[in-house]
Amino acid sequence: MKAFRTPAVVLALTSGLLALSAQAEVVQQNASGDPLYTLEAPKGYAMVGDLVIARPLLIGATVIGAAAFVVSLPFTALGGNVGEAAQSLVVEPGKEAFVRCLGCTSSGYKKD
């Protein structure tokens, strides 16, 4: 049985390592090679998942963050960090919910 186990382990490891190159994703870069200017092209399933799951959750987070901001406003005004609280509780979830393209992972407007 030991004579069979060693070749089986070697065969399994070899086929697993060979399959890694087949599963590697091809990364396309623009002509300049700068990753700042690469455009995202999300797949259809990413767009559907974003529309059905992520956007409603982000809109809910924006509403809850706005309510939390209003409740905490007297305390943040006394502490002098109203801008920071507004940024983290309202602006960031709102930016992800309303500015990010459907299925994309980074927020902001695309400029083609």
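Scanning the stretch 58-86 for residues that are under 27 Å from ALA46 (Cα atoms) and over 19 Å from the mean Cα position of the chain (by Cα), which turns out most open to solvent (accessible area, probe 1.4 Å)?
We begin by selecting, within the stretch 58-86, every residue under 27 Å from ALA46 (Cα atoms); these are 58-65.
Now drop any that are not over 19 Å from the mean Cα position of the chain (by Cα), which leaves 63-65.
Working: VAL63: 94, ILE64: 121, GLY65: 7 Å².
Among those that are under 27 Å from ALA46 (Cα atoms) and over 19 Å from the mean Cα position of the chain (by Cα), it is ILE64.
Every residue in the stretch 39-51 that is open to solvent by 100 Å² or more (accessible area, probe 1.4 Å) and under 17 Å from SER107 (Cβ atoms), please.
As a first pass, look at the stretch 39-51 and keep what is open to solvent by 100 Å² or more (accessible area, probe 1.4 Å): 39, 43, 45, 51.
Within the stretch 39-51, LEU39, LEU51 qualify.
Which of the residues spanning the stretch 70-95 are of a type outside the set (S, T, N, Q) and either farther than 20 Å from LEU58 by Cα or in contact with a Lys or Arg (Cβ under 8 Å, 6 or more places away or on another chain) (or both)? Spell out the reasoning first.
First, pick out the residues of the stretch 70-95 that are of a type outside the set (S, T, N, Q): 70-71, 73-75, 77-80, 82-86, 89-95.
Correct list: LEU73, PRO74, PHE75, ALA77, LEU78, GLY79, GLY80, VAL82, GLY83.
What pairs can you find where one residue is in the stretch 91-106 and among the β-branched types (Val, Ile, Thr), the other is modelled with pLDDT under 90, and their Cβ atoms are less than 9 Å apart, with a gap of 6+ or different chains?
Taking only residues 6 or more apart or on different chains, the pairs are VAL99/SER107; VAL99/GLY108; VAL99/TYR109; THR105/GLU40; THR105/PRO42; THR105/ALA46.
Test ALA54 against the criterion of being modelled with pLDDT of 95 or more, open to solvent by less than 90 Å² (accessible area, probe 1.4 Å) and not in a loop (DSSP other than H, G, I, E, B), and give yes or no. Walk me through it before giving the result.
Working: modelled with pLDDT of 95 or more: no; open to solvent by less than 90 Å² (accessible area, probe 1.4 Å): yes; not in a loop (DSSP other than H, G, I, E, B): yes.
No; evaluated as a whole, the condition is false for this residue.
I'd like to know if the stretch 20-29 contains one or more residues that are surrounded by 12 or more Cβ atoms within 10 Å (Cβ to Cβ) and modelled with pLDDT under 90. Before the answer, list the steps.
Residues of the stretch 20-29 surrounded by 12 or more Cβ atoms within 10 Å (Cβ to Cβ): none.
No: the stretch 20-29 contains no residue that is surrounded by 12 or more Cβ atoms within 10 Å (Cβ to Cβ) and modelled with pLDDT under 90.
The values are calculated or read from the model by the stated rules, or taken from the named source; none is laboratory data. Remember, it's a predicted structure, so these values are computed and weren't measured experimentally. Every residue, glycine as well, gets a Cβ built from its backbone with ideal geometry; the counts of neighbours run over all protein chains shown. Accessible surface areas use protein heavy atoms only, side chains included; no ligands, DNA or RNA. Shrake-Rupley method; radii C 1.70, N 1.55, O 1.52, S 1.80 Å.
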